[in-house]
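J.: Got a structure for you, questions after.
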Amino acid sequence: MTKRVLVLPGDGIGPEIVAEAVKVLDHLAGEGLDVELDEGLIGGAAYDAAGSPLPESTLAMAREADAVLLGAVGGPKWEPLDIAVRPEKGLLGLRAGLGLFSNLRPAILYPQLASASSLRPEIVSGLDIMIVRELTGGIYFGQPRGIRTLENGERQGFNTLVYAEHEIERIVRSACEIAMKRGKRLCSVDKANVLECTELWREVATRVVKSEYPQIELSHMYVDNAAMQLVKWPKQFDVMVTTNMFGDILSDAAAMLTGSIGMLPSASLNEKGQGMYEPIHGSAPDIAGKGIANPLATILSVAMMLRYSLNEAGMADRIEKAVVAVLDKGLRTPDIMSEGMTEVNCEGMGDALVAAL
Ligand code: IPM
Ligand code: MG
């Protein structure tokens with residue numbers, strides 16, 4: 001059956017990098033991948049065209065699709081807007097609207113790029129971590145929230161950190177399924193010494209792993225220590241599972257261990273296996289429109305899409321091998337450029353990738 005992929009280029013470098021990823025999908029379609037692509041609006045581009053960062057039509061198309069490929073959202077142009085209609089709200093609305101609770105953020109160090117890390121090579125060489133971030137709950141979505149005026153006239157900002165047991169259970173299960181296919185080690189990250197909500201998180205994580213995945217070695221870590229351990233000895237981790245906000249923060253730190261945030265894809269999955277795939281870097285407004293962005297994170301997101309939503313693991317493997325091949329050839333976009341390598345632009349990298357395929 002034909003699979004439907006909704007393409008949402010978004011803002012900033014989004015359209016440039018997505019164009020290269022679409023080239024890869026088109027190439028695979030020519031080899032028999034049965035996909036149909038639709039395109040929609042999201043983020044600032046959607047606000048400009050339709051007055052909303054997530055138009056109804058985009059959400060409706062996303063619900064019908066087997067997978068969504070997203071570029072990036074946001075930029076200084078939309079910063080003055082009310083938080084309710086900022087581009088980021090489009091992304092959050094899509095995550096919530098599709099129930100994409102499980103966010104997989106791999107941090108893999110490509111040996112060819114070891115010198116790009118700010119850490120010593122022996123600390124990061126061979127690094128391969130998977131951060132599983134809860135994506136539709138926690139403080140990002142908790143009610144009540146807002147900015148209110150107190151009786152004394154002073155303003156107070158407030159947000160709420162909430163997790164129900166079922167939300168913790170399903171994200172821990174999701175992380176366990178991944179750990180089972182890897183090193184069978186899971187580290188659950190919380191702040192159980194201070195926050196009751198994550199005291200419950202720890203308790204539920206322990207119960208799920210003990211009763212359903214006894215083969216997995218589970219450890220717990222406070223988030224402050226986890227941040228330190230990530231930069232001290234990152235190779236101690238296999239799979240990490242954590243809350244929405246902790247995962248947001250830790251995954252940026254983990255990404256930078258690899259020295260190249262422009263290389264890292266992500267997948268956000270719901271209970272039906274429907275997924276949204278996006279590079280973990282943002283819209284990079286400073287280089288938007290220059291054609292120099294690194295499209296590899298988006299192309300690797302296509303590989304994750306093939307693996308997790310389109311049931312085409314073989315094609316996913318081929319894309320990942322093609323990425324290694326272009327790096328071996330010495331081709332580098334400016335963000336990963338180093339001495340003796342050949343600098344290419346966004347389009348050049350996309351073309352080289354298709355050629356390697
Ligand atoms: C991310 C981003 C988003 C988040 C923003 C753009 C809303 O930082 O995907 O990590 O905070 O989740
Ligand atoms: Mg983030």
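J.: Evaluate the stretch 199-212: report whether one residue or more is out of contact with any Cys (no Cβ under 9 Å at 6 or more places or on another chain), outside any helix (DSSP H, G or I) and either free of Cβ contacts under 8 Å to residues at least 40 places away in the same chain or not small (Gly, Ala, Ser) (or both).
T.: No, there is no match, as no residue in the stretch 199-212 is out of contact with any Cys (no Cβ under 9 Å at 6 or more places or on another chain), outside any helix (DSSP H, G or I) and either free of Cβ contacts under 8 Å to residues at least 40 places away in the same chain or not small (Gly, Ala, Ser) (or both).
J.: Considering the stretch 336-348 alone, what residues qualify as being in a strand (DSSP E or B) and within 23 Å of the chain's Cα centre (by Cα)?
T.: Of everything in the stretch 336-348, nothing turns out to be in a strand (DSSP E or B) and within 23 Å of the chain's Cα centre (by Cα).
J.: Now for a different question. For the stretch 42-63, indicate whether the set of residues that are at pLDDT below 95 and not acidic (Asp, Glu) is non-empty.
T.: No.
J.: Please go through the stretch 322-335 and give me each residue that is assigned to a helix (DSSP H, G or I), of a type in the set (Val, Ile, Thr) and surrounded by 17 or more Cβ atoms within 10 Å (Cβ to Cβ), ordered by number.
T.: Result: 323, 326.
J.: On the given criteria, is residue 68 modelled with pLDDT of 95 or more, closer than 25 Å to residue 246 by Cα and not in a loop (DSSP other than H, G, I, E, B)?
T.: yes
J.: For a quick check of your reading: which strands (runs of 3 or more DSSP E) sit entirely within the stretch 223-321 and have at least 3 residues that are within 25 Å of residue 116 (Cβ to Cβ) and more than 16 Å from ligand 2 (Cβ to nearest atom)?
T.: Result: empty, no element qualifies.
J.: Are any residues in the stretch 244-272 closer than 17 Å to residue 169 by Cα and away from ligand 1 (no atom under 12 Å from the Cβ), and if so, which ones?
T.: Answer for the stretch 244-272, where residues must be closer than 17 Å to residue 169 by Cα and away from ligand 1 (no atom under 12 Å from the Cβ): 269, 270, 271, 272.
J.: Is it true that residue 90 is under 25 Å from residue 241 (Cα atoms) and in contact with an Asp or Glu (Cβ under 6 Å, 6 or more places away or on another chain)?
T.: Against the criterion (under 25 Å from residue 241 (Cα atoms) and in contact with an Asp or Glu (Cβ under 6 Å, 6 or more places away or on another chain)), residue 90 does not qualify.
J.: Out of everything in the stretch 129-161 that is without any contact (Cβ under 8 Å) to a residue 24 or more places away in the chain and acidic (Asp, Glu), what residue ends up being surrounded by the most Cβ atoms within 10 Å (Cβ to Cβ)?
T.: Looking at the filtered set, the residue picked out is 154.
The values are calculated or read from the model by the stated rules, or taken from the named source; none is laboratory data. Given the structure is predicted, the values throughout are model-derived calculations rather than measurements. Heads up, the Cβs are rebuilt from the backbone with ideal geometry, glycines too, and the neighbour counts pull from every protein chain shown.
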